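The structure appears below as structure tokens.
The values are calculated or read from the model by the stated rules, or taken from the named source; none is laboratory data. Quantities reported herein were computed from a predicted structural model and do not represent experimental measurements. When we count neighbours, we look across all protein chains shown, and the Cβ atoms used for this are built from the backbone with ideal geometry, even at glycine. When the accessible area is computed, the model is the full protein with side chains, heavy atoms only, and any ligands, DNA or RNA have been set aside. Shrake-Rupley method; radii C 1.70, N 1.55, O 1.52, S 1.80 Å.
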Amino acid sequence: MPDPSYPDDLLYHPEHDWARIDSTNPDEATFGITWFAQDALGEVVFFDPPKVGTNVSKDSPYTEIESVKAVSDVISPLSGEIVAVNESLGDAPETINEDPYGEGWLVKVKLSDPGEQDALLDSAAYEATLT
């Protein structure tokens, strides 16, 4: 299991979700859960991806992740429309534990209100919430 890390290129939601804004297309972001979230969940055994075309709202649940410990809602850090889902997690949900910021991404979203990202935390502010 990797050590806890919170990459500087991400924006963080206090509910332990992250957004990576696409540098070439600032109206699109990739979402996932943080190292802290996957560690608290324990071994992830199932991810039920939402459908492409689903609208998500900032601060609202948009899917669930099931671990050996519990089923947990995943909170949307920003609002928009899902344009891609990480289909590979259906066969390998443990990727969320192994690489939460890389291959363990959950969805890509076309943002409906890019200004919402101003309310998210940078890595230092997010890490401060964990102590």
Classify the stretch 59-131 as rounded, prolate or oblate, taking a ≥ b ≥ c as the square roots of the eigenvalues of its Cα gyration tensor: rounded when a/c is under 1.5, otherwise prolate if a/b is larger than b/c and oblate if not. oblate
Take the alpha carbon atoms of the stretch 1-101, find their radius of gyration, then divide it by 2.2 N^0.38 Å using N residues; give the quotient. 1.01
Equivalent-ellipsoid semi-axes (√(5λ), Cα gyration tensor) for the stretch 40-81, whole Å, largest first? 21, 11, 6
Work out from phi, with θ = phi - 60° and the Karplus expression 6.51 cos²θ - 1.76 cosθ + 1.60, the ³J(HN,Hα) of each residue of the stretch 42-54, listed in order in whole Hz, and give x for Gly and Pro. x, 4, 6, 10, 7, 10, 9, x, x, 7, 4, x, 5
Can you work out ³J(HN,Hα) from phi for every residue in the stretch 20-32, in order, using Karplus 6.51 cos²θ - 1.76 cosθ + 1.60 and θ = phi - 60°, giving whole Hz and x for Gly and Pro? 10, 6, 5, 5, 8, 9, x, 8, 10, 9, 9, 10, x
Given H placed 1.01 Å from N in the peptide plane, which residues other than close sequence neighbours of ASP99 have an amide H under 5 Å from its amide H? GLY104
List the aspartates and glutamates whose Cα lies under 12 Å from the Cα of LYS110, skipping any in the same chain that are fewer than 8 positions away. ASP22, ASP27, GLU28, GLU81
Per residue accessible area of the chain, 1.4 Å probe, in Å²: 50
Dipole size in debye (nearest 20) for the chain around its Cα centre, Lys and Arg Cβ +1, Asp and Glu Cβ -1? 260
Return the carbon/sulfur percentage of the accessible area of the chain, one whole number, probe 1.4 Å, all protein chains in place. 47
Taking Cα pairs closer than 8 Å and at least 6 residues apart, the relative contact order of the stretch 1-49 in percent is 28
Using only DSSP helix segments of four residues or longer, with each worth -39500 (n - 2.57), what per-residue ellipticity at 222 nm results for the chain after dividing by its residue count and rounding to 500? -3000 deg cm²/dmol
Which translational diffusion coefficient, to the nearest whole µm²/s, is obtained for the stretch 89-131 from the Stokes-Einstein equation, given a Kirkwood hydrodynamic radius over C-alpha pairs, 20 °C and 1.002 mPa s? 167
Hey, can you grab everything whose amide H is under 5 Å from the amide H of LEU78? Only 5+ residues off in sequence or another chain; H modelled, so Pro and N-termini drop out. ASP59
Roughly speaking, what is the centre-to-centre gap between the stretch 77-128 and the stretch 3-51 when only Cα atoms are used, to the nearest Å? 4
